[in-house]
Amino acid sequence: MTQNQLKLLHTSDLHLGSDIYPDDALRGFEQVLQLSRQHSVDGVIVAGDLFDNRGVAPELVSDVFARFSELRRPVVVVPGNHDTFLMNGSFDSSSLTEDVHVLLERGGETLNIDSIGLSVWGEPVYDHSPEFRPMGGLKPRCSENWYVGIAHGLVTDNDPYNEYSSKITFDELAGADCDYVALGHVHVFREVTSGDGAPAFYSGAPAGGNSPTLAIVTLDPVEGVSVKAIQLKR
């Protein structure tokens, strides 16, 4: 199989249902939808904290996934530490349309979306503690598709004495057998590529801060991987 160019919208930390900035969070979500269409992306990746807390209204959850389905392109969500509603048994994933995917398997799971030539791996944050390693279970490449690793956590060094929860180390990033690492948890756009490893970026958050962003990722068989930060309107 010959890889074709693929364009993805990478976002995270939307925090829909926030008690602190509920209207701003909704505006950020609307811009994610708008820019997905404007940039004609092939798929959307949400690297955690789509929602803000376990008390989010079920009607909001249903509406968000319905709006994602209207994009008519694959959407992949990996739950972050705030997405407890998605992981505590309250969420019925069977209600999702065929284009919308929430990765819920403990230990991580691989999803092949052969219709666009993409495979992704991600592990939901069931245990936001120093023992949990969001990239620790990344599976080796197993298809000729473009391969994206998705993780929600904090990139830091491998100091065993730091107590950060959901740690991702530079060694893990350097050894990741994939084409791109889509990260969430840090609310600003940031590159954290390690050595000769796959390009690794935080997309930033589309709301709740002074500089809301998302990332447009282009995977090209000739030019390689390029990542562009898109500044959102406040």
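The values are calculated or read from the model by the stated rules, or taken from the named source; none is laboratory data. The model shown is predicted, which means the values in this text are computed figures rather than measured ones. Neighbour counts run over all protein chains shown; Cβ positions are idealised from the backbone, glycine included. For the accessible areas, the whole protein counts, side chains as well, though only heavy atoms, and no ligand, DNA or RNA atoms are used. Shrake-Rupley method; radii C 1.70, N 1.55, O 1.52, S 1.80 Å.
When ligands, DNA and RNA are left out and all protein chains stay put, how many square angstrom of accessible area per residue does the chain have with a 1.4 Å probe? Intermediate results must be reported in sequence, preceding the final value.
Working: 10260 Å² over 234 residues.
With the other protein chains kept in place, the chain gives 44 Å² per residue.
On the beta carbon distance between residue 211 and residue 114, with R0 = 30 Å, the FRET formula returns roughly 0.25.
Count the lysine pairs in the chain that are 8 or more places apart or on different chains: how many have C-alpha atoms under 23 angstrom apart? Walk me through the intermediate numbers first.
Values: 7/139; 7/228; 7/233; 139/167.
Summing the qualifying lysine pairs gives 4.
Modelled this way, with points 7 Å down the Cα-to-C-beta line, the labels at residue 234 and residue 126 are 4.0 nm from one another.
Between residue 142 and residue 21, the modelled label-to-label distance comes to 3.8 nm, taking each label 7 Å out from Cα in the direction of the beta carbon.
Per residue and in cubic angstrom, what volume does the convex hull of the Cα atoms of the range 62-115 have? Present the calculation step by step, with values, prior to reporting the outcome.
On the way: hull volume 4.6 nm³, N = 54.
For the range 62-115, the hull spanned by Cα atoms encloses 85 Å³ per residue.
Considering only 75, 87, 47, and ranking their Cα positions along the charge dipole of the chain that arises from unit charges at the beta-carbon of Lys, Arg, Asp and Glu, the one farthest toward the positive end is 75. Here the chain carries DSSP beta bridges of which approximately 45% are antiparallel, counting only pairs with both residues inside.
Calculation over all alpha carbon pairs of the range 90-173 in 5 angstrom steps from 0 returns a P(r) of 3, 14, 22, 20, 17, 13, 7, 3, 1 percent.
Here the range 118-220 carries DSSP beta bridges of which approximately 15% are antiparallel, counting only pairs with both residues inside. Note on residue 12: accessible area approximately 0 square angstrom, rounded to 10, probe 1.4 Å, nucleic acids and ligands left out.
Where does the Debye-calculated log10 I(q)/I(0) of the range 1-98 sit at q = 0.10, 0.12, 0.13 Å⁻¹, using only Cα point scatterers of equal weight, no solvent? Results for the range 1-98 at q = 0.10, 0.12, 0.13 Å⁻¹ read -0.27, -0.38, -0.45. Under the criterion of Cα pairs below 8 Å and six or more residues apart, the relative contact order for the range 13-169 equals 18 percent.
Nonpolar atom fraction for the range 60-213, defined as the carbon and sulfur part of the 1.4 Å probe accessible area, stands at 45 percent.
In this structure, the amide hydrogen of residue 14, modeled 1.01 Å from its nitrogen in the peptide plane, lies closer than 5 angstrom to those of 50, counting only residues at least 5 positions away or on a different chain. Only the Cβ atoms of Lys and Arg (+1) and of Asp and Glu (-1) were treated as charged; on that basis the dipole of the chain about its Cα centre amounts to roughly 560 debye. Put simply, the C-alpha atoms of the chain give a gyration tensor, and the ellipsoid matching it has half-axes of 23, 21, 18 Å, longest first. FRET efficiency for the pair residue 223 and residue 188, taken as 1/(1 + (r/R0)^6) with r the Cβ-Cβ distance and R0 = 22 Å, rounds to 0.25. Summary value for the range 1-64: 49 percent relative contact order, contacts being C-alpha pairs under 8 angstrom separated by 6+ residues. The GNM of the chain, with springs linking C-alpha atoms under 10 angstrom apart, assigns the highest mean-square fluctuation among 159, 42, 179 to 159.
Leaving ligands and nucleic acids out of the surface, order 73, 54, 133 by accessible area at 1.4 Å, largest first.
Numbers: 73 45, 54 150, 133 70 Å².
Ranked list, largest accessible area first: 54, 133, 73.
Computed from backbone phi, the HN-Hα couplings of the range 64-69 come to 4, 5, 5, 5, 4, 5 Hz, rounded to whole numbers (Karplus: 6.51 cos²θ - 1.76 cosθ + 1.60, θ = phi - 60°; Gly and Pro given as x).
Taken along its principal axes, the alpha carbon cloud of the range 139-215 reaches lengths of 39, 34, 19 Å, longest axis first. Couplings 3J(HN,Hα) of the range 25-35, computed from phi: 4, 5, 5, x, 4, 4, 6, 4, 4, 4, 6 Hz, in residue order, whole Hz [Karplus 6.51 cos²θ - 1.76 cosθ + 1.60, θ = phi - 60°; x for Gly and Pro].
Convert 10 °C to kelvin, take the viscosity as 1.306 mPa s, use the Kirkwood radius over C-alpha pairs of the range 179-234 as Rh, and evaluate the Stokes-Einstein diffusion coefficient in µm²/s, rounded to a whole number. Working shown, then result.
Details: Rh = 11.8 Å.
Translational diffusion coefficient: 135 µm²/s.
Database remark: amide H of residue 119 closer than 5 angstrom to the amide H of 113, 146, 147, 148 (H placed geometrically; neighbours at sequence offset of 5 or more, or on other chains; Pro and chain starts carry no H).
Measuring only protein heavy atoms, the 1.4 Å probe finds residue 51 accessible over about 0 Å². Taking Cα centroids, how far is the range 150-181 from the range 1-58 in Å? Distance between centres, Cα-based: 22 Å.
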